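> What follows is a structure written as structure tokens; I'll ask about it next.
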Amino acid sequence: MNSLEFRLAWRSLGRNPRRTGLTLAATSFAMMLVVNMTGLSNGSHEEMVENGVRMASGHLSLMAPDHLEERTLEQPLAWTQSLRTHLESVPDIKGFAPRMDAFALVSHEESAQGMLIRGSDPTRENTVSEIEDRLTTGRFLRQGESREIVLGQKGAQTLGVELGDQVLLYGMAYSLESAYELFTVVGLVRFPDAELERTLAFISLEDAQAFFVYADRVTEVAILAEDSYQVEDLQNRLTQTLSNGDLRVHTWQEVVPELDQIIAIDKGGMYLILLLLTVVVGFGILNTILMAVLERKREFGILLALGLKPSKIFKVVYLESLLLAGVGIVIGLAISIPMVLYLQAHPIPITGNAAEGISQLNIEVSITSKFRASNPIRSTLIMMGVAVVAAFYPALKASRGQPIDVVQNA
Amino acid sequence: MSNYLKVVIILLLGSAQPSLALASLRPASPGMSATQIANRAEESLRGDQTVIQAQMTVRSPRLTQPRMIEFTSWDDRLGKRSFTRMEAPAKDKGTGFLKVHPNLWMYIPRVERTVRIPPSMMLQSWMGSDLTNDDLVRESSQTDDYDHRLLGIEDTVKNHPDREAYVVEYIPHEDTPVVWGKIIAWIDTERDVTLRQEFYDEDDVLIRTMQYQEIQPVEKRWVSHLWILTPEQKEGHETQVRIKRIEFDAEIDDTVFTKRNLKKGLR
């Protein structure tokens, strides 16, 4: 860096602290906006994904080929000790849960309701769906106990059952035999999605395999990644180590495309707002620097008269702008990163009507942020880009002055 | 293959199918209306009160051996009620189904529980077969809930080459909760017996075919003693119902159609 130009730029910034301060404030405020917006948007999307996939099939789902399309018992997945051991050994897997999903009629006295019966491993289910947190009364299934069922609160209401009551499950086994068995209600859960709460029931995987005559088989294994950003990488690793022709690793985007679409629409909206914000910030910076340059016409005229080359003046002004932007970005980051981190640690729950509307998507909501390294980096690049473009015209304008006019008119 | 080409081929095949199936169709002479034909067919299948004893064979890729089911069914057409009792296999012995319009109950003796089957389960498989609960209770009446249109007469029917049949299209009334988009039935012009039925969904896709074989006279009626149901989209699946005994115009006691009888298990 040429020291003369740098010194000139630095000094002129210091010479008018109010002007510099205002521009700095504008830049750092814009930076704060961009970083926080990105953080909030990351936060809400990741929360949507987390909540959505926990109740669905996890970040990743192991299924037999064609099961994703067919969703019947005809595509069994062998649930073996080696598969279990393998999943336990893979780093970055936060939890996994084998499931055996099938339909059955659940009835009590005169009421009956067709439900999706989820046979789940009592020791593993919670690692994916955090079902224990959703319990309102009673408890979740317990290892070693059999013929226990956990219903949604609304499902229990429809059937008119309470804790301790017996319900009859009637369905068709894989062997096409009729299957019926009495189960005792041991727990009730709440789901954000009313339909799910009415029609999803949990029994132990062992019971489900006995009831539906589906020994040692499951319909899927739901996997939760430590970090939703690793999902694709994890998918690749699992596909490489597990693919032996009779198993597929699907991402949640494949299993619940609706959720992906909702997020894509939301992201589109955010990018549009970010774009508008960037344009506004750009014009703000342009305006401030331009005003500063016009104010200093006389100064530049004298410099030119003293023999400073126009290209140097251009450099000086450009440097000033970039310095301003740089300092503004640093201040912006210094303020906004703690804000993002704070909201990440202390989400603000959304309640009332708004929550009601959103929860139909089976998503629980709160205002939260998520800090990703990509956020400050991208925001910095955006802001620097804006500064580089916006400072061009004022710098050009400053270097194009005619010393004689300037000095005469002054 | 380009998508465009696929569409053209599908359109060609789609439009060609009905004309292929009804290649030998000729217009029917006036005289009998479609509804009359449909009524007669219904009459030949069901008396006012009918008792049927039957054996059902279910074939499926899931099974190494066909699954055999035996049952007796009492049907009171006018009272819109019916009663079915399973006799085999052992696991289901004594299980009963009671329909008193519009409800359907099931009783399972092993757990001593009565279950009311909700309307949403009507399309579910009955006892693991390709028949549905709806087929069992005939919740929808093929004469009352459908409009009938006579498509013509076919000289020969696919599964009965030597028989001549009316081809009747059944289209459900808009307000009836019927599961089919349309049904096409081949009804013997002389014997009134239904020889074949094709069941289509709302998009005119063939879902299943019922073939009525072994037609023999019973009490002045021609009756099929072997029904073969083939679902189109489930390869390897087939359900056969063999009629072991059929009694039309039986005198069925009112007590048959009660929950008390349901809970009796096997007589």
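Just so it is clear, none of the values below were taken in a lab; they were calculated from the coordinates. Values in this document were obtained by computation on a predicted structure and should not be read as measured data. Note: ideal-geometry Cβ built from the backbone for every residue, glycine included; neighbour counts use all protein chains shown.
> Would you list which aspartates and glutamates come within 20 Å of A:Lys297, measuring only between C-alpha atoms, while excluding same-chain residues fewer than 8 positions from it?
Excluding near neighbours in sequence, the set is A:Glu5, A:Glu320, A:Asp405.
> Kindly state, to the nearest 0.05, the FRET efficiency for A:Glu50 paired with A:Arg378, given R0 = 25 Å and r defined as their beta-carbon distance.
The calculated FRET efficiency here is 0.65.
> How much FRET efficiency would the formula 1/(1 + (r/R0)^6) give for B:Ile171 and B:Gln36, where r is the Cβ-Cβ distance and R0 is 22 Å, rounded to 0.05?
Given R0 = 22 Å and the Cβ-Cβ separation, E is 0.85.
> Next up: Tell me, what HN-Hα J-couplings in whole Hz come from the Karplus equation 6.51 cos²θ - 1.76 cosθ + 1.60 at θ = phi - 60° for each residue of segment A:153-169, using x for Gly and Pro?
4, 6, x, 5, 4, 4, 7, x, 10, 10, 3, x, 6, 9, 10, 9, 9
> Which of A:Pro98, B:Val100, A:Gly52 sits closest to the plus end of the dipole of the protein assembly as shown, meaning its Cα is farthest towards the positive end, when Lys and Arg get +1 and Asp and Glu get -1 on the C-beta?
A:Gly52
> If exposed GluC sites (Glu not before Pro) are those in a DSSP loop with at most 12 other Cβ within 10 Å, what is the longest stretch of chain B that has none?
The longest such stretch corresponds to B:1-111.
> Enumerate the helices in chain A for which the Kyte-Doolittle hydropathy averages -0.5 or more and the C-alpha atoms extend at least 24 Å along the helix's axis, using complete DSSP H runs.
Correct list, ordered by number: A:17-55, A:257-295, A:310-345.
> So which residue, out of A:Arg372, A:Arg139, A:Arg400, gets the largest mean-square fluctuation from a GNM of chain A using Cα contacts under 10 Å as springs?
The residue with the greatest mean-square fluctuation here is A:Arg400.
> Between A:Leu275 and B:Lys158, how many nm apart are label points set 7 Å from Cα along the C-beta direction?
5.5 nm
> So how many Å³ per residue does the convex hull of the Cα atoms of the protein assembly as shown work out to?
Measuring per residue, one finds 239 Å³ for the Cα hull of the protein assembly as shown.
> Would you pull out the residues with amide H under 5 Å of B:Trp126's amide H, same chain only if 5 or more places away, H placed 1.01 Å from N?
Hits under the 5 Å cutoff: B:Leu131, B:Thr132, B:Asn133.
> Another question about this same structure. Under 5 Å between amide hydrogens, which residues at least 5 positions from A:Trp79 or on another chain qualify, with H placed 1.01 Å from N in the peptide plane?
The answer is A:Arg217, A:Val218.
> FRET efficiency for B:Thr255 and B:Thr143, Cβ-Cβ distance as r, R0 = 45 Å, nearest 0.05?
0.95
> Turning to a different aspect of this structure: Please state the relative contact order of chain B as a whole percent: Cα pairs under 8 Å, 6+ residues apart?
So the answer I get is 21 percent.
> Given 0.36 nm per residue, what is the gain on full extension from B:Asp204 to B:Thr57 after removing their alpha carbon distance, in nm?
Full extension of this stretch gives 50.1 nm more.
> Next question. Any idea how far apart A:Thr239 and A:Gln81 come out in nm if each label point goes 7 Å out from Cα toward Cβ?
3.1 nm
> Here is a further query. Along Cα→Cβ, 7 Å out, is where each label goes; now give me the distance between the ones at A:Asp165 and A:Arg15 in nm to one decimal.
8.5 nm
> Compute the separation of the alpha-carbon centres of segment A:322-343 and segment A:119-193 and state it in Å as a whole number.
50 Å
> Using +1 at the Cβ of each Lys and Arg and -1 at the Cβ of each Asp and Glu in chain A, identify which of A:Val293, A:Val221, A:Gly269 lies farthest towards the dipole's positive end.
Farthest towards the positive end: A:Val293.
> Which entries of A:Lys312/A:Lys397; B:Lys158/B:Lys182; B:Lys91/B:Lys234; A:Lys154/B:Lys234; B:Lys93/B:Lys264 have Cα-Cα distances beyond 23 Å here?
Pairs exceeding the cut-off: B:Lys91/B:Lys234; A:Lys154/B:Lys234.
> For the Cα atoms of chain B, what angle does the longest principal axis make with the long axis of helix B:3-21, in degrees from 0 to 90, nearest 10?
70 degrees
> Pull out the extension gain between A:Thr123 and A:Gln344, defined as 0.36 nm times the separation in residues minus the alpha carbon to alpha carbon distance; nm, one decimal.
Additional length available on full extension: 76.6 nm.
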